[in-house]
1. Explain nothing, just the number: dipole magnitude of the chain about its Cα centre with +1 on each Lys and Arg Cβ and -1 on each Asp and Glu Cβ, in debye rounded to the nearest 20.
2. So if R0 is 35 Å, what FRET efficiency would residue 175 and residue 23 give, r being the distance between their Cβ atoms, rounded to the nearest 0.05?
3. Modelling each spin label as a point 7 Å along the Cα-to-Cβ direction, I'd like the residue 214/residue 256 distance in nm, to one decimal.
4. What's the long-distance tail for region 25-283, i.e. % of Cα pairs beyond 33 Å?
5. Residue 121 to residue 84: extension gain in nm, 0.36 nm per residue of separation minus the Cα-Cα distance?
6. Compute the accessible area per residue over the chain, keeping the other protein chains in place, probe 1.4 Å, unit Å².
7. Sort the following peptides by mean Cβ neighbour count (other Cβ atoms within 10 Å, averaged over residues), highest first: 54-66, 214-226, 93-105.
8. On the accessible surface of the chain, probed at 1.4 Å, how many percent belong to carbon and sulfur atoms?
Amino acid sequence: MKKIILLCYLLLNWTVLFSQNEKINVIVFGAHPDDCDIDTGGTAILLAKMGHNVKFVSLTNGDAGHYAMGGGELAKVRIAEAKEAGKRFGVAYTVLDNHDGELMPTLENRLKVIREIRKWNADVVIAPRPNDYHPDHRYTGVLVQDAAYMVIVPNVAPEVPPLQKNPVFLYSEDSFQKPSPFEPDIAVIIDTVFDQKVYAMSAHKSQFFEWLPWTAGNLDKVPKDDQGRLEMLANWRSKPPKEDLLKCAEKWYGIKAYSAKHIEGFEICEYGKQPSDEEIRTLFPMLQK
């Protein structure tokens, strides 16, 4: 009897140990190279540092977002920048060959998204909500929503084996109010990796130091030196967390959440797996107290 009890104890502890060491697979979709970085960069770094697998996927090649370049020339620049950013974040980075500004929620693109999720064997899928100022952002959200159930259907994209379980689908944070505002369910404090996030984002030079300043009429104010650019980028991303995000963070971190300066928030999409709080802590182990 003692041997049986001992064996059960060892098996139980082995199961717990295995579950703790099991790698979490997270895939993040953005419309353009740099979108995933902005929305999920800090969370991605934290997960990667813990040994988990994160992949960023840009659904377009960014070949329209510049004032002096365009087409294939710009696409090459944006892809090279994304690869460098991926190294700095510690994640895989894929850029699909769709034209910037022309993304549509077609069956062809839905199948591309389904294949990416399946190949990554995703536990968590993150994407923007389908209400946004930019059509590429909106349709990225629609495409990922449309894939949410289909990833487990064997006869859809049958050349890639279906997932055995539906992942948790999450929306990244935004400020749009209509038809409904963003409601955070998960809040990840990224203070400890914020500087690394900014450094990784700075790999997208054509975006953050050329295109976006040009559209804002501030191109002449962009610093010439690397340190000045990092400070500019950090100032741009240093916005005090909103009250609803702080309240959400308190649920996961306790009262210390209110001293956080940088938080990334996520809302659970209705279309995927609906995780319990315990499952959320497993998928986002940095939340465990």
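1. Numbers: 34 positive and 39 negative charges, 222 e Å.
For the chain, the charge dipole is close to 1060 debye.
2. Values: r = 33 Å, r/R0 = 0.94.
With a Förster radius of 35 Å, E is 0.60.
3. 4.5 nm
4. On the way: 5331 of 33411 pairs.
Here the long-distance tail beyond 33 Å is 16 percent of all Cα pairs in region 25-283.
5. Values: separation 37, 0.36 × 37 = 13.32 nm, distance 2.39 nm.
Stretched fully, the residue 121-residue 84 segment lengthens by 10.9 nm.
6. Numbers: 14830 Å² over 289 residues.
Roughly 51 Å² per residue, with all protein chains present.
7. Working: 54-66: 24.6, 214-226: 10.7, 93-105: 17.7.
Descending mean neighbour count gives 54-66, 93-105, 214-226.
8. Values: 8250 of 14830 Å².
Answer for the chain: carbon and sulfur cover 56 percent of the accessible area.
The values are calculated or read from the model by the stated rules, or taken from the named source; none is laboratory data. In this text the structure is predicted, and so the values were computed from the model without any measurement. Methodologically, a virtual Cβ is constructed for each residue, glycine included, from the backbone with ideal geometry; neighbour enumeration extends over all protein chains shown. All accessible areas refer to the heavy atoms of the entire protein, side chains included, with ligands and DNA or RNA removed. Shrake-Rupley method; radii C 1.70, N 1.55, O 1.52, S 1.80 Å.
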